[in-house]
1. Grab the helices (runs of 4 or more DSSP H) fully contained in the stretch 38-136, keeping just those with 3 or more residues being modelled with pLDDT of 90 or more and not hydrophobic (A, V, I, L, M, F, W, C).
2. Output the residue which, of all residues in the stretch 89-133 that are surrounded by 22 or more Cβ atoms within 10 Å (Cβ to Cβ) and of a type outside the set (A, V, I, L, M, F, W, C), is farthest from MET189 (Cα to Cα).
3. So, THR198, is that one farther than 13 Å from THR113 by Cβ and part of a strand (DSSP E or B) or not?
4. I'm checking my understanding of the structure. Among residues of the stretch 137-157 that are at pLDDT 90 or above and part of a loop (DSSP other than H, G, I, E, B), which one is surrounded by the most Cβ atoms within 10 Å (Cβ to Cβ)?
5. Return the only residue of GLY160, GLY200 being at pLDDT below 85, out of contact with any His (no Cβ under 9 Å at 6 or more places or on another chain) and not aromatic (Phe, Trp, Tyr).
Amino acid sequence: MVDVAQDLRLSEGAVVAGQSALRQISDSAEGSPRSRAGEKPPPGAAVGSGPALPPGGTEDRRALPIFCDSEMVARGIIARALPEGVEPVVTLNDPSVPDLAKCLGTTRSAAATELWRDRLGGAIVAIGNAPTALFHLLEGLEQGWPKPALILAFPVGFVGAAESKQALADLPHGVPFVTLLGRRGGSAMAAAAVNALTLGLTGDGT
């Protein structure tokens, strides 16, 4: 029997960071941020280069997404469980991606992450398919891209999956993360990780 638990890696404060991001996006979308001075997240929950949400008005904050590397990940997320103002975003099929991939000399999945950059700060990333998407995201973070609130990394396969997840675990660039080391993973697992966060936040396990 395969023991998934032995390969599961959660950075300190990862769950709190993800749920905090969802709460803040929801509060900002409602236009009524709530004080949570009494809540004391564990060390590491606030890891990042600044506030989870960028400065600006409600409309700027409302747009913070859950970036998904594939439609399968996005479709697996339970929409009714998402707080108001939170939605999955997939850029893989954007018309600009094929030319961008050629220009960068990389895969479409990797090139698609370039379109995340402007809204990446404070967002949640869910990768369940392409190791190249995770590799490119890590390269971007090394180059100074805005830091997401949480990375849920479950790329799958025999080529690059294990290596990309190990790279995240070894050097997450100060971003909380959840991953499963090795070749296992997949879109269903990435979507399930998002659902676990959101259902835990709302208390709706039905």
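The values are calculated or read from the model by the stated rules, or taken from the named source; none is laboratory data. As the structure is a computational prediction, the values presented were derived from the model and not from experiment. Quick reminder, even Gly has a Cβ in these numbers, built from the backbone with ideal geometry, and neighbours come from all protein chains shown.
1. Here the list reads 71-76, 97-104, 108-113.
2. Per the stated criteria, the residue is GLY122.
3. On the way: farther than 13 Å from THR113 by Cβ: yes; part of a strand (DSSP E or B): no.
No, not satisfied.
4. PRO155
5. Working: GLY160 fails: at pLDDT below 85.
Unique residue meeting the criteria: GLY200.
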